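Data first, discussion second: the structure below is written as structure tokens.
Please treat every number below as a calculation from the coordinates, not as lab data. Worth saying up front: this structure is predicted, and the values here are computed from it rather than measured. Here the Cβ positions follow ideal geometry from the backbone for every residue, glycine too, while neighbour counts run over all protein chains shown.
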Amino acid sequence: WASKSLFGMKVMITTGATFEAIDPVRGITNISSGQMGIALARACRRAGAEVTLIHGQVQVALPDGMAHTIAASSADAMYRAVHQHIAVQDVFISVAAVADYKVKNSSNQKIKKQVGVAPVIELSENPDILASVSALDNPPFCVGFAAESHDLLNHARAKRIRKNVPLLVANLVGEAMGKATNHVTLIDDEAETELPAMGKDEVATAIVNRVAELMP
Ligand code: C5P
């Protein structure tokens, strides 16, 4: 548990679910609980890193001892928070379940019910935060996650290449999201390592150890 493998390093982690507003009281979100990213934040601290945690909606308590803890609700807000602090980071671990789309026609006023007329929600694409970080001139060591419902490894391998990240953590939605345990496969240039299902703290420690091994 008590590795010091990231001693003195700066690590940024995103976690939780984004919330895309429809109007002042409604929005689009997802079932991510934030637990995996929070476990990683703790594991990075144990490994001696200085952690910046950027979070959307989370269903568990945020950890103590972070260098910075920044709330960001929407994907756009998370993008801005990440890029405000990314330049000094050595490692970026993108765990947040970021909405692929936001509401194009969101309303500043609460949408009133009109009998017989269903409102139409239009969507537009959100920025891909992880891809934007890995595309920086001098990027931190980037870790991505892939939560898939089927054909996990093929989708995850493709995602690692598409997002241009050295390490991708693959998990099935049903084995990961909203749960206290996770069953992951670590995919990098050298290996694909399937770990047993275990508590998210233990998964986080294994991920941190792999990051420390792979870092230049
Ligand atoms: O493409 P997909 O959403 O499945 O990719 C998942 C990975 O990309 C995760 O690491 C997630 O945090 C990140 N991501 C992101 N910005 C988005 C969508 C996903 O950083 N808009």
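Please report the net charge: other residues with Cβ closer than 10 Å to the Cβ of Asp188, K and R +1, D and E -1.
-2
Taking a cut-off of 17 Å between Cα atoms, list the lysines near Lys179, but don't count ones fewer than 8 places away on the same chain.
List returned: Lys200.
If you average the alpha carbon positions of the range 24-38 and of the range 102-173, how far apart do those two centres end up, in angstrom?
Spelled out, the Cα-based centre of one part sits 13 Å from the other.
Taking Cα atoms, how many degrees apart are the long axis of helix 35-46 and the longest axis of the chain, rounded to 10 and kept between 0 and 90?
The answer is roughly 30 degrees.
Can you tell me what share of the DSSP beta bridges in the range 59-216 is antiparallel? A percent to the nearest 5 is fine.
For the range 59-216, the DSSP antiparallel bridge percentage is about 60.
Considering the dipole of the chain built from charges on the beta carbon (Lys and Arg +1, Asp and Glu -1) around the Cα centre, which of Ile111, Met177, Ala47 is farthest to its positive end?
The Cα lying farthest towards the positive end belongs to Ile111.
Can you put Val120, Val184, Val88 in order of Cβ neighbours within 10 angstrom, beginning with the fewest?
Fewest-to-most ranking of Val120, Val184, Val88: Val120, Val88, Val184.
Taking the Cα centre of the chain as origin and charging only Cβ (+1 Lys, Arg; -1 Asp, Glu), how large is the dipole, in debye to the nearest 20?
Value, rounded to 20: 680 debye.
Once you put a point 7 Å from the Cα of Glu148 and another 7 Å from the Cα of Asn209, both along the Cβ direction, what distance in nm separates them?
The two pseudo-label positions are separated by 2.6 nm.
What number does the range 33-81 give for Rg over Rh if you use C-alpha atoms and the Kirkwood radius?
Computed over Cα atoms, the ratio is 0.96.
Rule-of-thumb check for the range 100-165: C-alpha Rg over 2.2 N^0.38 Å?
That works out to 1.68 for the range 100-165.
What is the Cα radius of gyration of the chain over 2.2 N^0.38 Å, N being its residue count?
In units of the 2.2 N^0.38 Å rule of thumb, it is 1.04.
If neighbour count is taken as other Cβ atoms inside 10 Å, put Leu195, Leu53, Leu136 in order from fewest to most.
Leu136, Leu195, Leu53
Based only on other Cβ atoms within 10 Å, what is the fewest-to-most ordering of Leu153, Leu186?
Leu153, Leu186
Please name whichever of Ala212, Leu186, Gly56 sits farthest to the positive end of the charge dipole of the chain, dipole taken about the Cα centre and charges placed at Cβ: Lys and Arg +1, Asp and Glu -1.
Gly56
Using +1 on the beta carbon of Lys and Arg, -1 on that of Asp and Glu, and nothing else charged, what's the dipole of the range 1-65 about the Cα centre, debye to 20?
320
222 nm [θ] for the chain, helices only, -39500 (n - 2.57) per DSSP H run of 4+, per residue, to 500?
Result for the chain, helices only: -8000 deg cm²/dmol.
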